[in-house]
């Protein structure tokens, strides 16, 4: 299984996922800030899961990932920081295998319910299906399926 952790920061979810997946699993941890990726790398190595995590520095307006076949993607408190969310959703969708899912979570303090609804409308317009709306404290959340 290969997972994308978009906006991974210092690796809270990346390291946990790598620890749960076993030796055959892989996490592609993506962030705009090289400093965050460097911290993630040190923390992952210390946790013994560094070999399962590939770090990738994206651009502000593009993931720049190619030839990835992802089984799951996570964008936790990060999509609202991207200048072109439609492009982000399109890029992630292009990397996912058919039937794979994206968990999109945004903080209610930074993203209004109306803005999150617009993001979901954009996602549906791009070919995603909204398959669940999990309750995550202090968050707007949706599971999107390719």
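Throughout, read-outs are computed from the coordinates displayed, never taken from laboratory work. Please read all numbers here as calculations on a predicted model, not as lab measurements. Because the Cβ atoms are built from the backbone with ideal geometry, glycine has one as well, and the counts that use them run over all protein chains shown.
Ranked for footprinting exposure by Cβ neighbours inside 10 Å, fewest first, 14, 78 give 78, 14. Full extension of the segment from residue 97 to residue 42, taken as 0.36 nm per residue of separation minus the current Cα-Cα distance, would add 16.8 nm.
Using only Cα atoms, figure out Rg for the chain and give it as a multiple of 2.2 N^0.38 Å.
Cα Rg divided by the expected 2.2 N^0.38 Å: 0.99.
Note on residue 66 and residue 113: with the Förster distance fixed at 25 Å, the Cβ-Cβ geometry gives a FRET efficiency of about 0.10. Compute the distance in nm between two label points, each set 7 Å from the Cα along the Cα-to-Cβ direction, one at residue 137 and one at residue 90. The modelled label-to-label distance comes out at 3.8 nm.
Here is how the number arises for the chain: DSSP H runs of 4 or more residues each give -39500 (n - 2.57), the sum is divided by the residue count, and the result at 222 nm is -10000 deg cm²/dmol. In terms of the Cα gyration tensor, with a ≥ b ≥ c the square roots of its eigenvalues, is the stretch 72-142 rounded because a/c is under 1.5, prolate because a/b exceeds b/c, or oblate? Cα axes put the stretch 72-142 in the prolate bin.
Return the percentage of antiparallel bridges among DSSP beta bridges fully within the stretch 2-145, rounded to the nearest 5 %. Intermediate results must be reported in sequence, preceding the final value.
Values: 11 of 31 bridges.
Here the antiparallel bridges make up roughly 35 percent for the stretch 2-145.
With each label modelled as a point 7 angstrom along the Cα→C-beta vector, the residue 145-residue 80 pair spans 2.8 nm. Note on 81, 98: ascending count of other Cβ atoms within 10 Å places them as 98, 81, the fewest first.
Sorting 123-129, 57-63 by average packing, meaning the other beta carbons within 10 Å per residue, from highest down gives 123-129, 57-63. For the chain, the longest principal axis of the Cα atoms and the long axis of helix 85-95 meet at an angle of about 50 degrees. From least to most packed, judged by other beta carbons within 10 angstrom and beginning with the fewest, 45, 5 follow the order 45, 5.
Given R₀ = 30 Å, what would the calculated FRET efficiency be for residue 24 paired with residue 125, taking r from the Cβ atoms and rounding to 0.05? That gives a FRET efficiency of 0.25.
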